[in-house]
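Quick notes on the structure that follows.
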Amino acid sequence: MPTNKCIGVISVGHFLPHMCVANDHFVSIGLDTSPEWIESRSGIRTRHIASDNQATSDLAVGAAEMAFKNGPISSNQIDFIIVATATPDHIGFPSTACLVQQKLGLTHSVECLDISAACSGFTYALSLAYSKIHSGMGQYGLVIGAETLSRLVDWSDRRTCILFGDGAGAAIVGTVDSGGFIGFNQGADGNCSHILNCLPTENAVQFSGKPYPPGVSMIHMDGQSVFKKGIQVVVDSLTQLLSEANINSNSIDHVVCHQANQRIISSVAKQMGIPLEKFVINIDRVGNTSAASIPLALSEANARINPGDTVILVGFGSGFTWSSILLKWN
Ligand code: ACO
């Protein structure tokens, strides 16, 4: 049966692999770049890289455990697990969500699925969680964005490898006393799939310096087109979201935007007339972690978001996809 109760984020958590790689690493491996170029063009100074024995599901479990520790809902109350990822443990199956269920030791019946919407994945997954709970198909959901993008980039390609990092963020979603989700706006434009995609690549190099197998699928990106399209879809989506909710941008307390490029975030802030200070920013320390980016930033900022604050989450990425969510923090 559909519920009339408010639905919101109950608790959040995040996980970063221990290894932290600074911009000077790229010079040390012989790339024609500089720490100053990387920081000035992207805002990134460091990113975290998973060790060989850490799978995407391990990062996801670390984030989930923190979310359970931070809130009143225990893992055996969870009805479903959604993992948003572009870097699942396995191509094909089983889903990363099933592996998270197993690693969390959950033996009760839990619905588990992965979704693929690139950097919009976590916000797409949150809207799905909302729909399931609203329609009565579960009371509590564990929603995770987790990535090991370091395994999807060619570490000899200076145009991409400088941007991405590994990590995970998680949210427990369920019924709340007041506030919670107010509105959603999301969409996609498959005609722009070519500006950011994964293509068979020869002579690609792993983080370790070893070669990948020939023809492995690696990230390719038309950086300038992604830059322009990203700003356009985020501004359009936020404008529609606020208009449909009849909320003025002055009422927004925090914006958690996908951390793809500091200059994209600054441009969005300017075009939306929202002070940059209201944007949560951690790209300088963690780089672009795709589907993990928004929940990771949200969890890191949790201590400074007060109950009742109005929060926007907004993602964009390959597809091209976009997704924005308006909510009152609980
Ligand atoms: N170091 C030094 N020079 C470089 C590097 C590097 N790491 N990478 C590229 N260059 C060179 C280029 O080859 C080019 O040289 P040329 O003029 O001789 O051809 C020059 O720098 C300028 O390149 P641009 O691509 O025009 O540089 P730009 O200022 O656009 O910055 C960047 C590149 C950082 C990639 C930017 O375009 C960007 O951030 N785009 C959006 C990226 C993004 O958001 N990606 C992810 C979105 S969705 C998702 O996360 C999956």
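The values are calculated or read from the model by the stated rules, or taken from the named source; none is laboratory data. On a predicted model such as this, the values are computed, not experimentally measured, just so you know. Cβ placement follows ideal geometry from the backbone for every residue including glycine, while neighbour counts extend to all protein chains displayed. Quick note on the areas: whole protein, heavy atoms, side chains included, nothing else; ligands and nucleic acids left out. Shrake-Rupley method; radii C 1.70, N 1.55, O 1.52, S 1.80 Å.
Return the calculated 222 nm mean residue ellipticity for the chain, to the nearest 500 deg cm²/dmol, obtained by summing -39500 (n - 2.57) across DSSP H runs with n ≥ 4 and dividing by the residue count.
Details: 9 runs with 96 residues, N = 330.
Helices in the chain give a 222 nm mean residue ellipticity of -8500 deg cm²/dmol.
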Note to self: with every protein chain in place and a 1.4 Å probe, the chain gives an accessible area per residue in Å² of 41
Measure nothing but the geometry: give the 0 to 90° angle between the long axis through the Cα atoms of 262-272 and the longest principal axis through the Cα atoms of the chain, rounded to 10°.
40
Tell me the angle of helix 223-245 to the major Cα principal axis of the chain, expressed in degrees between 0 and 90 and rounded to the nearest ten.
10
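What length, rounded to one decimal in nm, is gained on full extension from residue 191 through to residue 263, with 0.36 nm per residue of separation minus their alpha-carbon distance? List each step's numbers first, then the result.
Values: separation 72, 0.36 × 72 = 25.92 nm, distance 2.46 nm.
Full-extension gain reported as 23.5 nm.
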Would you mind getting the Kirkwood hydrodynamic radius of the chain from its Cα pairs, rounded to one decimal in Å?
19.7
Once amide hydrogens are built 1.01 Å from N within the peptide plane, the residues lying 5 or more places from residue 115 or on another chain with amide H under 5 Å from its amide H are 83, 84, 85
Fully extended contour minus Cα-Cα distance, from residue 159 to residue 4, at 0.36 nm per residue
51.0 nm
The range 140-294, convex hull of Cα, quarter of hull surface, nm² -> 10.9
Taking the chain, how many lysine pairs are there with alpha carbons less than 21 Å apart, if each pair must be eight or more places apart or span two chains?
8
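What FRET efficiency would be calculated for the residue pair residue 107, residue 303, taking the C-beta separation as r and a Förster radius of 51 Å, to the nearest 0.05?
Values: r = 33 Å, r/R0 = 0.65.
Using R0 = 51 Å, I get an efficiency of 0.95.
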For the chain, share of DSSP beta bridges that run antiparallel, in % to the nearest 5
75
Euclidean distance of C-alpha centroids, the range 140-196 and the range 258-330, integer Å
11
Amide H neighbours of residue 11 at under 5 Å, excluding residues fewer than 5 places away on the same chain, with H built from the backbone geometry, are 172
Cut-off 14 Å, label 7 Å out along Cα→Cβ of residue 175, residues of the range 1-45 by amide N
1-8
Two pseudo-spin positions, 7 Å from Cα along C-beta at residue 251 and at residue 27, lie apart in nanometres by 5.0
Kirkwood-type radius of the range 1-135, with distances r between different C-alpha atoms, in Å:
17.2
Subtracting the Cα-Cα distance from 0.36 nm times the residue separation, let me have the gained length for residue 228 to residue 19 in nm, one decimal.
72.1 nm
